[in-house]
Every structure is written in C-alpha cells, then in structure tokens.
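Comments concern the structure below.
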Amino acid sequence: MSKFFDIIMAGLISGIVAFTTTKIGIAGTILGAVFWSVLYQIMSHYVKEPLQKAETKKIESKIVYMIPLALIIFVEIIYLLKPIYLEPQQIFYFLQGATNWNLFRSIGTGLLLMGIYPIIQPENIDRKYGYILLSLGIVILLRGFIDVSSRFVDLYSFIFFELGTYITIMIILVLSYVIISLVKDSLIMGTKQNSHDEEKQHHKLSTEELK
C-alpha cells in the first residue's frame, strides 16, 4: 500500500509540475516543485498509511523538501553571475521573459508556502527552517517588486540596487545551509534507524536461540 501511494503521488505531482510549467513557463516549474513538496508532506501525513517507520518517513520528507530549494539556488546563482558572464545573463533574461518578469515573485511566494508548512506541522521538518524560509521568501518577494512604481517600493528598493550582490550571496548561503542541515539530519536519522534495526534483529536472533 505504501509503494502504491508513492506511485500515485509521483503521477499526480508530475502532472502538477507539467501543468504549471505549461501555464506560466519556468516559474511554473519552480512553483510546481514547491507545491509538489508541500502536497507530498501533507498527503503523507494525513493519507498515507503508517506502514513505514517514522524515521524513514521523515527522511523522505526532507529529501522532497530540498528539491525546490536546490532549484531556487540555481536561479540565484544565475542571477549572481548575470553581470559577469554572457551565458548566465541570457539564461536569466530567458527565465524572466518566460515568466513575464514574475520570476522572483514566484520564488518568493513559493518560499513563503514552504516556510509555513514546518511551522504548522514540525513533525518531519524542524520549525526553525520554516522561519528561515519565510524570511527569505519575504526578501525575495520584495526584490521581485522593485520594478513596480510605488511609494512603498521606493522606501526599500535602493537597498537592493546598492546591496543586491550581497543579498543574493546571503540567500544562496542560507538556502545551502538549510539543505546541508536537512541532509545531515537525514543521515543521522538513517544511522539511528540502521542501529535500531540491527539491535532489533540481534534481539530476535537471541530470542530464537533461547527457544
């Protein structure tokens, strides 16, 4: 039943990513990946039968959670290299054109959604990562609106124009920290699970020998 659920979710998630990509281009891929992560977390918690061990489910959740973060890091690296190299500049403007200049707004919205999940459901993902992603989502969303003519935007837009490079580096470093931390957490959980399985197997063999 557990594997059957994963197959259904994989098909559903692929459909969501394909649909959002078709409708709004590259930004749809990012948003689709974000919705994929959040949807999988919710469905695993409320629908998937508890046939798997808790540690295994947590590891799976962390892996799914990291995928959209890696995509966002890729976009941020392209944005960082844009003023230096021609190819990243072409890629960046292609991404912006494909999203009708809503790339950073889409990423910011996606990070806000990803940040909310651990805060309201910290069972699989530590709540602290939710606060981190919420903060980054707000920063990226604000950056996405600097081309809008507004008094509010005028109050902060100069910060991104003057410190844009440093802000981008900070975003890359923080997202990398989150991913590395989730990987480390997963490895620790996997090690503990293996030790637990070995102890359980050893206890089983000892019991059988006594019989």
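What follows is calculated from the coordinates using simple rules that are stated; it is not laboratory data. Since this is a predicted model, take the numbers as computed values, not measurements. Don't worry about glycine lacking a Cβ; one is built from the backbone with ideal geometry, like all the others, and counts go over all protein chains shown.
Rg/Rh for the stretch 69-194 to two decimals, with Rh computed the Kirkwood way over all alpha-carbon pairs.
Reported Rg/Rh (Cα atoms, Kirkwood Rh): 1.03.
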Going 7 Å from the Cα of residue 177 toward and past its Cβ, which residues in the stretch 123-158 have a backbone nitrogen under 19 Å from where you end up? 125-141
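Once R0 is set to 25 Å, what does the formula 1/(1 + (r/R0)^6) return for the Cβ-Cβ distance between residue 126 and residue 67, expressed as a FRET efficiency to the nearest 0.05?
Approximately 0.90, to the nearest 0.05.
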Range of Cα positions in the stretch 132-172 per principal axis (Å), largest first: 27, 21, 13
Which order do the peptides 168-174, 157-163 come out in when sorted by mean C-beta neighbours inside 10 angstrom, highest first? 168-174, 157-163
Listed highest first by mean packing, meaning other Cβ atoms within 10 Å per residue, what order do 142-154, 87-99 come in? 87-99, 142-154
